[in-house]
Amino acid sequence: MANKTVTEILEERQSTHGTFSEAATTVQRIKVIMRSTPNWDKLSNAQREALEMLQHKLGRILHGDPNTLDHWVDCGGYLKLGEPK
């Protein structure tokens, strides 16, 4: 990874992550729905962030390579981080 330009890294990741713009549109739509639910204000900051990060990972699955294991593993990690303490 040394000596790669930002452009080169972004081009590589597009194959697994999808285009940033398209994924961002989907993720933002999901976040609007989440924030409009009755329990959103009852969540802790950690729970809200975990759910928002989960949407980010879902965007990668839906717009990039759905068989990239890291996307799925990361989803599980964010759900774990959002568990009530």
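Computed from the coordinates by the stated procedures, all read-outs in this text should not be read as laboratory data. Every value quoted in this text rests on a predicted model; they were computed, and no experiment measured them. Ideal geometry is used to build each Cβ from the backbone, glycine not excepted, and the neighbour counts take in all protein chains shown.
Quick notes
- The stretch 31-43 - phi-based ³J(HN,Hα) in whole Hz, Karplus 6.51/-1.76/1.60, Gly and Pro as x: 5, 4, 5, 4, 5, 8, 7, x, 9, 4, 6, 8, 7
- Put simply, the amide H of Gly82, placed in the peptide plane, has no neighbours under 5 Å, leaving out anything fewer than 5 places away on its chain.
- Working ranking of peptides 52-61, 73-82 by packing, defined as the average number of other Cβ atoms within 10 Å per residue, highest first, is 52-61, 73-82.
- For the chain, the Kirkwood estimate of the hydrodynamic radius, built from every pair of different alpha carbons, is 14.0 Å.
- Karplus-derived 3J(HN,Hα) values for the stretch 5-21, using 6.51 cos²θ - 1.76 cosθ + 1.60 with θ = phi - 60°, are 7, 4, 4, 5, 5, 4, 5, 5, 6, 4, 5, 9, 9, x, 6, 4, 4 Hz; glycine and proline are entered as x.
- Charge dipole (debye, nearest 20) of the chain; +1 at Cβ of Lys and Arg, -1 at Cβ of Asp and Glu: 380 debye
- Stretchable slack from Val6 to Trp40, in nm (0.36 nm times residue separation minus alpha-carbon distance): 8.6 nm
- In this structure, the residue pairs whose Cα-Cα separation is over 19 Å, taken from Lys42/Lys85; Lys4/Lys57; Lys31/Lys57, are Lys4/Lys57.
- Cα lying deepest toward the dipole's positive end in the stretch 1-59, options Met34, Ser21, Leu10, charges on Cβ: Met34
- Pairs of Cα atoms nearer than 8 Å and 6+ residues apart set the relative contact order; for the chain it is 37 percent.
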